[in-house]
């Protein structure tokens, strides 16, 4: 089973993703509640994919992405931004820093997010 690290501080969204990414989905979901915890988890869990929000406590998602891609241990972990910020500056920053995708939460149902993750990981194989 593939491991997904979700870095998200919204409790209701996190619970929803826990239901979607359950054992029957074929994924193990690990959760980090802020940017600092997300960075630590990326290094210890070494997930197959990180789903990363931008607005986070302690360290924002763009900085988390920058640090993940700068660290030799984590730079190979693919990151997909999963946020409600859709402005072109954030999208451009994320892609420039190495994000493999940018999903605006409001534009996708939870099932569509799950399918996006499946599609992405199947392309990597």
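Screening the candidates 5, 29 for the property of being without any contact (Cβ under 8 Å) to a residue 40 or more places away in the chain, within 12 Å of the chain's Cα centre (by Cα), crowded, with 19+ Cβ neighbours inside 10 Å and part of a strand (DSSP E or B) yields one hit, 29.
Does residue 38 satisfy being part of a helix (DSSP H, G or I) and either closer than 19 Å to residue 120 by Cβ or touching a strand residue (DSSP E or B) at 6+ places or on another chain (Cβ under 9 Å) (or both)? When the stated conditions are applied, residue 38 passes them.
You will find that of 97, 51, the residue that is surrounded by 19 or more Cβ atoms within 10 Å (Cβ to Cβ) and at pLDDT 95 or above is 51 and no other. Modelled with pLDDT of 95 or more, assigned to a helix (DSSP H, G or I) and touching a strand residue (DSSP E or B) at 6+ places or on another chain (Cβ under 8 Å): does that describe residue 68? Criteria met by residue 68. Each residue in region 34-48 was checked for being closer than 20 Å to residue 85 by Cα and either at pLDDT below 95 or crowded, with 22+ Cβ neighbours inside 10 Å (or both), and 2 pass.
The values are calculated or read from the model by the stated rules, or taken from the named source; none is laboratory data. Just so you know, these numbers come straight off a predicted model, no measurement behind them. Neighbour counts run over all protein chains shown; Cβ positions are idealised from the backbone, glycine included.
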